[in-house]
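Asks: Would you mind keeping the following structure in view while I ask a few things?
The values are calculated or read from the model by the stated rules, or taken from the named source; none is laboratory data. Please read these numbers as outputs of a predicted model, since none were measured by experiment. Cβ placement follows ideal geometry from the backbone for every residue including glycine, while neighbour counts extend to all protein chains displayed.
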Amino acid sequence: MKVLSFSETGSVRRHNEDRYLTLPDYGLYAVADGMGGELAGEIAAELALRQLESLAPALPELAPDEGEDWLLQAIKAANRVVFESAQHPERQGMGTTLTTLLVRGHTAVVAHVGDSRAYLWRSGELIPLTQDHSLPGELVRLGQISPEEAEHHPQRHVLIRAVGTAAEVEVDCRRLEILPADTFLLCTDGVSNAVSEAELGEELARPVSWEERIERLRQLIWERGAKDNFTALCWIGE
């Protein structure tokens, strides 16, 4: 197993409001894309990830089937921390996306809030593991528009769910078995808005090392203007 990652400010924004977390000793990985006023977005993302990190030492004591519940409760705890901090006048309205991967043995749990995404690369196929909690994402779930139409929807940045924007949060969570050579990719919308799923699949299918694939992805986003912060974290199985 190895983990590759990048997180960059891009060419337009002054601050990087993305954050990522890698805790291989606990099998916990996450990306977060903060939102809010001046500096508040990066505070929200940082608070959420630090809360996950503070709770992670409990993971080795859990039974194999308790990881999913732990992850749900950890994200809800992160929501409370961000929400309480957002009561400060200078931080009102701040929040963050949060997409997490928990690896325990041959089982993975993916949980998320917002529009940062998780993908599984398996046997040459890119499989989406999350659905955006955005306005167009909701329209896709209702069958009113296609996923391709959602990628270009004028309100694709409007979130309907985020960590820290309300006292309680609903978390989407799924568990799956890890097969040999599985690879998981977590990314913020600075990646998914710059590179379509079809293009992402083409990049990951290149007959080169994973280091070269991830570097090529990073360079491609820069070539397309890097108009937003962009972060990706790649967990590569054996």
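Asks: Need the failing condition index for Cys173 against (1) at pLDDT below 95; (2) surrounded by fewer than 19 Cβ atoms within 10 Å (Cβ to Cβ); (3) under 18 Å from the mean Cα position of the chain (by Cα), just the number.
Replies: Going through (1) at pLDDT below 95; (2) surrounded by fewer than 19 Cβ atoms within 10 Å (Cβ to Cβ); (3) under 18 Å from the mean Cα position of the chain (by Cα) one by one, Cys173 breaks only (1).
Asks: For Ala226, only one of the following conditions fails: (1) among the hydrophobic types (A, V, I, L, M, F, W, C); (2) under 22 Å from Gly41 (Cβ atoms); (3) part of a strand (DSSP E or B). What is its number?
Replies: (3)
Asks: Between a residue in the stretch 59-86 that is more than 24 Å from Pro24 (Cβ to Cβ) and in contact (Cβ under 8 Å) with a residue 60 or more places away in the chain and any residue that is in a helix (DSSP H, G or I) and charged (D, E, K, R), which pairs come within a Cβ distance under 8 Å, given they are 6 or more apart or on different chains?
Replies: Listed pairs, sorted by first residue: Ser85/Arg91.
Asks: With more than 19 Å from the chain's Cα centre (by Cα), modelled with pLDDT under 95 and of a type in the set (A, V, I, L, M) as the only criterion, which of Leu59, Leu39 stands out?
Replies: Answer to the check: Leu39.
Asks: Would you say Glu90 is free of Cβ contacts under 8 Å to residues at least 24 places away in the same chain and farther than 14 Å from Leu21 by Cα?
Replies: no
Residue-by-condition table, conditions (1) in a strand (DSSP E or B); (2) modelled with pLDDT under 95:
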residue	(1), (2)
Ala77	no, no
Arg80	no, no
Phe83	no, no
Gln87	no, yes
Glu90	no, yes
Gly93	no, yes
Val103	yes, no
Val109	yes, no
His112	yes, no
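Asks: Here's something else I'd like to know. Among the residues of the stretch 197-208, is any touching a residue at least 24 places away in the same chain (Cβ under 8 Å), farther than 20 Å from Val110 by Cβ and surrounded by 12 or more Cβ atoms within 10 Å (Cβ to Cβ)?
Replies: Within the stretch 197-208, one or more residues are touching a residue at least 24 places away in the same chain (Cβ under 8 Å), farther than 20 Å from Val110 by Cβ and surrounded by 12 or more Cβ atoms within 10 Å (Cβ to Cβ).
Asks: Can you name the residue in the stretch 173-196 that is of a type in the set (A, V, I, L, M) and outside any loop (DSSP other than H, G, I, E, B) and is also farthest from Arg104 (Cα to Cα) among such residues?
Replies: By that ranking, first place goes to Val191.
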